[in-house]
Structure formats: C-alpha cells, structure tokens
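Asker: Starting off with a structure, shown below.
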Amino acid sequence: MERNQMLFVIGISMATVATICNIIAFGLPSWIYTYDRFSTIGIEKAGLWTFCLDTFHDDRYNYNDGIPMYGCKWIYSQYLKEIRWTVLNPAFYIAVQIMATVNLILSLIGLIGLYIICFVRKNNCPLILGIVTMFFCTILGFCEIILYAMRVTDDEYYKVPNVHVKHLGAGWGMAVVAAIVSGMALGALTASYLSVRKERREFKKQQSMDMLGASY
C-alpha cells in the first residue's frame, strides 16, 4: 500500500470513529452528574438535550406548584417549561448545543465525502471537503467541551437546593474523544492530500523530461 493510500485509510477510519463518538455524545443524557451525600438531590444528570430530575424543587420559586419534579425529560418538553431558561438552559448551554449540532452535521458531510473517494478516486474535491469539515469539527469540538467544562461545573450553574457536587460524565467524555480523533483524522487526511499532490508534481515533471528527451 502506498503512503498516501495508507494515510487516507487512517484518516477515513479516524473520521468514522469521530463521527460515531459525536453521535453517541449528542444523544447521551450524561454530560454531567450532580449529587449530594446527605440528602435527595434535585438534578441527577443531564445531557445536551435530556435532563433527569430527582425530587427537584426550589423554595425560591413556585415551580410546578411546589410539587417535586421527577424523571428524564427532553429539555424542550412542556414538563420543563418553567425551569428551562431560569435553571437548565442558559445562554452558554445553548451555545454548546449549537456547536454540537453543527459539529455533528459537518462530520457526517465530511465522512460522506470521504467515502465518495472510495468510488470516485480521480476527484480530489471530496478529500478537500473532508479536510475542511474535519478542521471545523476539531475546532468546534474543542470549543464545546472546554466551554461546557468551564461553565457547567461553575457554582453559578445548577445553583439550586440539594445540588452540591458536580462532575463531568460519559457524554462529555465521548465529545472529548470525538474532538481528539477529529484532529487525528485532519492530520492524516492533510498528509494524504499533500502526498498525492507531491506524487502528481513528480509525475508531471517526469513526463515533461521524457517529452523533452524524445524531442531530441
């Protein structure tokens, strides 16, 4: 196997792994866990789109007519409308949701483009598309995990009764893996593209020399 082919195989494999990790992270309701050692908690865990409540209540506000809230719900469900913007989904959380959504869409587009190369080898456009999308996926991936880690563990977020301990979960971990592997895919695909261009330049140079020699 030639060097550029080997690099392409590595790149498309890494891009596939990154896309799968992005899909898993996108749906997992476990980006953060919260708990209290001494009493019932309130917000058990949360993903980008799902929040799991366990006897959630807040004496400062009359959420749900004072009745404790339970269960795992979609963030935009009617059940969570009273605490959606005041507690669960502030501006930074929306920013992370948007970045994760764009990241997932780009990774899927790039992966489709890379697999097209397997059938249309003479066209470099899908490879360039894959490189560009992996570049933005890497940037977006690291931005979303850093922003989430910095803000969601801050004392100001989830500042409600019975929530005293917070730690990042499997969903966030999968997003970290996706960002790292996207960077690896970007490196391999870029090296593959540069290797192909170098081979083509050398081939054209050799052709020119052969034609020049034949003319004499």
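The values are calculated or read from the model by the stated rules, or taken from the named source; none is laboratory data. Keep in mind it's a predicted model, so treat the numbers as computed, not measured. Reconstructed Cβ throughout: ideal geometry from the backbone, glycine too, with neighbour counts over all protein chains shown.
Asker: Within region 30-45, can one find any residue that is out of contact with any helix residue (DSSP H, G or I) (no Cβ under 7 Å at 6 or more places or on another chain) and modelled with pLDDT of 90 or more?
Answerer: The answer is no; no qualifying residue exists.
Asker: Would you be able to tell me the number of residues in region 1-25 that are without any contact (Cβ under 8 Å) to a residue 60 or more places away in the chain and basic (Lys, Arg)?
Answerer: Looking only at that region, the number is 0.
Asker: Further question: Hey, does region 98-120 have a residue that's within 28 Å of residue 49 (Cβ to Cβ), modelled with pLDDT of 75 or more and in a loop (DSSP other than H, G, I, E, B)?
Answerer: no
Asker: Also: What is the one condition in (1) crowded, with 16+ Cβ neighbours inside 10 Å; (2) at pLDDT below 95; (3) polar (S, T, N, Q) that residue 124 does not satisfy?
Answerer: (1)
Asker: Regarding region 154-163, can at least one residue be identified that is hydrophobic (A, V, I, L, M, F, W, C), under 14 Å from residue 46 (Cα atoms) and either surrounded by fewer than 17 Cβ atoms within 10 Å (Cβ to Cβ) or modelled with pLDDT of 95 or more (or both)?
Answerer: No, region 154-163 contains no residue that is hydrophobic (A, V, I, L, M, F, W, C), under 14 Å from residue 46 (Cα atoms) and either surrounded by fewer than 17 Cβ atoms within 10 Å (Cβ to Cβ) or modelled with pLDDT of 95 or more (or both).
Asker: Residues of region 73-84 being surrounded by 15 or more Cβ atoms within 10 Å (Cβ to Cβ) and either part of a strand (DSSP E or B) or touching a residue at least 40 places away in the same chain (Cβ under 8 Å) (or both), which ones?
Answerer: 73
Asker: For the structure I just gave you, tell me whether residue 141 is touching a Pro at 6+ places or on another chain (Cβ under 6 Å) and modelled with pLDDT of 85 or more.
Answerer: No.
Asker: Suppose we filter 171, 130 for residues that are in a helix (DSSP H, G or I) and either modelled with pLDDT under 70 or under 26 Å from residue 49 (Cβ atoms) (or both); which single one remains?
Answerer: 171
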